[in-house]
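Just below is one structure, and these are the notes that go with it.
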Amino acid sequence: MRRKFVDQGGLFSYVNPDSRIPAGHPIRKIRELVRDVLKAMNGTFARLYAREGRPGIPPEQLLSALLLQVLYGIRSERQLMEQLDYNLLYRWFVGLAPDDAVWDATSFTKNRDRLSEGKVFERFMATLLEHPQVKPLLSNEHFSVDGTLIEAWASHKSFRPKDGGDDGDGSNFHGQARKNDTHASTTDPESRLYRKARGREARLSYMGHAVMENRHGLAVDGRLTQADGTAERRAAEAMLKLKAKSGRITVGEDKAYDTADHVAALRRIGVTPHVAQNDTARRSAIDARTTRHVGYGMSQSRRPMIECIFGWGKQHGTMRKTKHRGLAAVAADFMLNLIGYNLVRLPKLLAT
């Protein structure tokens, strides 16, 4: 028979939010890992906050909410606060009771800057990778490196002459010689005009770089730089130098890294460069002494997996076009996307 329609439920509910989350939902394992990492970072949080004054947003909840924003691709922190107000799953993940008030978006953003300045996101990544369940999944010998462009929150109109010269309102720039040496964005001065390849449009961008371990394709390091032609190689050398401290390692890279100075720099720091040969326009810096080994082919077959990290961040995360301005803020968001990718992958990896 037809049940009678009741427009509104009871005034009070005694259902635990935890019971509303499906038992097999991967967010449960993600939340468990996040809680373990946050507990291990208690000392880091204590050093960021004064012992006196008005209490701010708990850093554990602040960081959980930022991870939630990346995991579900919520486009702004104001929208994140709106959805936290009515979404029980989001409240459960962050640790808010159904009756708890949601924070003001401006206060949330100011507290977020505190975490960024304290290098908390980098510390979270390192602690997650040292987790007893996660560490056995990682390779400590074989890695891959690549970079990607992140579109800045600035338009071509804002790219104006540094000397204050008059070029109109910036809307008609065709035929003008505009370079990073003479022009800068008035919206985000740290972004750079850069084109990914010949025939592609130039955009105001940053460049994100990631190191992936080759066993399961998890991100193990990352950094953000201004976009230019040598940034990928410089960032790769800096990140791999840290990885090579514990012993000799191999790294898979694409053709953009096939330069004599980069290959020589890698060998000096104890890294075996498994770089894809770029011999179409010049002589490759990689010869048969490297390509004859089985490991070279294995590195090249695993290397494309790093595109999954960038693809996830741009399709599901917040990496495609940043909503932040300035190198430090965009770098923090980039690191959050790398953490989010790892957290999405881990429940399935740990289950198998």
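Every number in this text was worked out from the coordinates using simple rules, so none of it is lab data. Computed from a predicted structure; not experimentally measured. Backbone-built Cβ (ideal geometry, glycine too); neighbour counts: all protein chains shown.
Summary of computed values
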| read-out | value |
| --- | --- |
| Taking only Cα atoms of the stretch 17-126, radius of gyration then Dmax in Å | 13.9, 42 |
| Within the stretch 31-107, GluC sites (Glu not before Pro) in DSSP loop having at most 10 other beta-carbon neighbours inside 10 Å | 52 |
| Cβ-based net charge around residue 251, under 15 Å, with every Lys or Arg adding one and every Asp or Glu removing one | +3 |
| Percent RCO, i.e. relative contact order, over the stretch 17-126, from Cα pairs under 8 Å lying at least 6 residues apart | 33 percent |
| Long pairs among 162/321; 196/241; 157/196; 157/179; 196/314, criterion Cα-Cα beyond 18 Å | 162/321; 196/241; 157/196 |
| Reachable lysines from residue 245, criterion Cα separation under 27 angstrom, eight or more residues apart if same chain | 119, 135, 255 |
| Net charge contributed by nearby residues that have their C-beta within less than 10 Å of residue 102 (K/R +1, D/E -1) | -3 |
| Trypsin sites (Lys or Arg not before Pro) restricted to the stretch 264-325 and DSSP loop, no more than 14 other C-beta within 10 Å | 282, 283, 292, 323 |
| Space enclosed by the convex hull of the alpha-carbon atoms of the stretch 266-352, per residue, Å³ | 185 Å³ |
| Aspartates and glutamates with Cα under 15 Å of residue 39, excluding same-chain neighbours fewer than 8 positions away | 60, 130 |
| Kyte-Doolittle mean at least -0.5 and Cα axial length at least 27 Å: DSSP H helices in the chain | 327-351 |
| Candidate values [x] 1.09; [y] 1.14; [z] 0.94, label of the one derived for Cα Rg over 2.2 N^0.38 Å | [y] |
